[in-house]
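Comments concern the structure below.
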Number of protein chains: 2
Amino acid sequence: MTMTRIPAVERRSALVAAALRVVAERGVAQATTRAIVAEAGMSLASFHYAFASRDELMAELIRHVVAREGAAILGDAEHTEPAPLRRILREGLQRYVDHLTSDPLREKAMLELTQWALRSPSMQPLARLQYERYHALAAEALGSAAARSGTLWLHPLPDLARLLVSLTDGLTIAWLVDNDEGATTALIDLAADTLAALGRPAEESPHR
Amino acid sequence: MTMTRIPAVERRSALVAAALRVVAERGVAQATTRAIVAEAGMSLASFHYAFASRDELMAELIRHVVAREGAAILGDAEHTEPAPLRRILREGLQRYVDHLTSDPLREKAMLELTQWALRSPSMQPLARLQYERYHALAAEALGSAAARSGTLWLHPLPDLARLLVSLTDGLTIAWLVDNDEGATTALIDLAADTLAALGRPAEESPHR
DNA sequence: GTCTATAAAGTGATAGAC
DNA sequence: GTCTATCACTTTATAGAC
């Protein structure tokens, strides 16, 4: 009748994965320890064997989602052939919207986790970490877009990155609220236009 | 020893006001009926005399904040003398940032209320209403900015409004996370530039 | 109408058997 | 290490005295 012995680290990651599913499906507020262990198929006591508290799990959950974030979102290392800046941006944004619409609960969860972290002073650094990562990913995507299109950005990359992240965050909220696909498509068209206007073609013969 | 008799409508609005303060100060999750009645100086039973449930109060709270929203945010009916579009936009965005930094908890509360509403099917229409209002306010502000600057927008006003709202939403989250004033200033500079590029000077003699 | 008291159903966390 | 059972507490909501 006794369950098999599972290393603590495995239990921890299983609980983190279960917690992410529960948060996505039902929200942070409903992600109780009981709901999480039920999702993970464990007993309540096992939870507290692996984690000292619910907050400790939530902190690990945020670290987890931040770490595995964004591989395939805005940037896409596959495409490297030259293309116009506007088209690269448009495709990157479309890729993000596709990601959002195909799994909206995931992005809803990310937003909720950020705001949950903002309510507790000890968790605030985690939210900060999360957005530093977003900004870094956006800067990287914009940098490679410039290289691919032979463009020179007319503004500091960090500023442009913050603009892009703010735009996608806002886009996400608006879509989660009204599910308006047409308006979202128009929005990323507009956004790609305006962002592309912030770059200028670099000199010819880029390396001499 | 008996408390004075207070009309139900007054109790309701007093509770809504108290709830808004509690949500701003401690977050939606901590806005329990007990915390709210304590803030309002009432007994718990009085709460349930005025409202059937906590959800009913929360719904009324959202309706309340949506209704009284945005009078003095982006648009500003005082200024009507002509000015360049870019400057009008820059000042409007700065006004929003001033509002945000002077009372960050209020904007944090608005974001939390939206996401709370998104978790319950019956409340989702309220979030929708909230964003319809945002978009309408933004469209109005952009329309009057165009008139004041003698500009013609090159894209449909609703699309531009959605862009502006998304931008300010994202800007808000980023600032709430890292409190980076310099980055926010750079962001609204950039945003004003890019938005202004979406308009063209109208023909001279605007009415003949 | 307004109160105190309490019901009924959660919650995070722990004790202690195995 | 893993379980069941339970503690101590909080939550929303209601009964019933006044």
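Every number here is computed from the coordinates shown, using simple stated rules; none is lab data. Treat the numbers as computed from the prediction; the structure is a model and nothing was measured. A quick note on method: Cβ atoms are made from the backbone with ideal geometry, for glycine too, and the neighbour counts reach across all protein chains shown.
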Gap separating the Cα centres of region B:19-48 and region B:136-192, nearest whole Å: 34 Å
Fewest-first ranking of B:D178, A:D98, using other Cβ atoms within 10 Å as the exposure measure: A:D98, B:D178
Distant-in-sequence amide H partners of B:L198 (H built 1.01 Å from N, under 5 Å): none
Length added when fully stretched, B:A202-B:R87, from 0.36 nm per residue minus Cα-Cα: 39.7 nm
Acute angle (nearest 10 degrees) that the helix A:181-196 long axis makes with the longest principal axis of chain A, alpha-carbon atoms: 50 degrees
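Between A:S13 and A:E132, what length comes free when the chain is fully extended (0.36 nm per residue of separation minus the Cα-Cα distance, one decimal in nm)?
Details: separation 119, 0.36 × 119 = 42.84 nm, distance 2.37 nm.
Length gained between A:S13 and A:E132: 40.5 nm.
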Theoretical ellipticity at 222 nm over chain B - DSSP helices of four or more residues, -39500 (n - 2.57) apiece, nearest 500: -23000 deg cm²/dmol
Other-chain or far-sequence residues with amide H under 5 Å of A:S120's (modelled H): none
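To make sure I understand, if each residue's beta carbon is the centre and we count other beta carbons within 10 Å, what order do B:L89, A:L154 fall in, fewest to most? All intermediate terms of the calculation are to be shown ahead of the outcome.
Working: B:L89 26, A:L154 12.
Fewest to most other Cβ atoms nearby, the residues stand as A:L154, B:L89.
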Helix A:85-102 axis, angle to chain A major axis (alpha carbon atoms, nearest 10°): 20 degrees
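Mind checking the dipole of chain B: about its Cα centre, +1 per Lys or Arg Cβ, -1 per Asp or Glu Cβ, Debye to the nearest 20?
It works out to roughly 720 debye.
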Backbone HN-Hα couplings from phi across region A:104-110 [Karplus 6.51/-1.76/1.60, Hz, Gly and Pro as x]: x, 4, 5, 5, 4, 4, 4
Dipole axis of the protein assembly as shown (+1 Lys, Arg; -1 Asp, Glu on Cβ), positive-most option in B:G199, B:P82, A:L163: A:L163
Integer Hz, Karplus 6.51/-1.76/1.60 couplings in order for region B:111-121, x for Gly and Pro: 4, 5, 5, 4, 5, 4, 5, 5, 8, 10, x
The protein assembly as shown - charge dipole about Cα centre, Lys and Arg +1 at Cβ, Asp and Glu -1, debye rounded to 20: 1160 debye
Positive minus negative residues near B:E39 (Lys, Arg vs Asp, Glu; Cβ under 11 Å): +2
Shape call, the protein assembly as shown: gyration tensor on alpha carbons, a/c limit 1.5: oblate
In order through region B:22-39: 3J(HN,Hα) via Karplus (6.51 cos²θ - 1.76 cosθ + 1.60), integer Hz, x for Gly, Pro: 5, 4, 5, 6, 10, x, 4, 4, 8, 7, 7, 4, 5, 4, 6, 5, 4, 4
Charge dipole magnitude, Cβ of K and R +1, D and E -1 - region B:144-208, Cα centre, debye nearest 20: 400 debye
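Would you please give the FRET efficiency between B:D55 and A:L154, computed as 1/(1 + (r/R0)^6) with r the Cβ-Cβ distance and R0 = 45 Å, to the nearest 0.05? Before the final figure, lay out each step's value.
Details: r = 50 Å, r/R0 = 1.11.
Approximately 0.35, to the nearest 0.05.
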For A:T151, residues with placed amide H under 5 Å, excluding near neighbours: A:A202
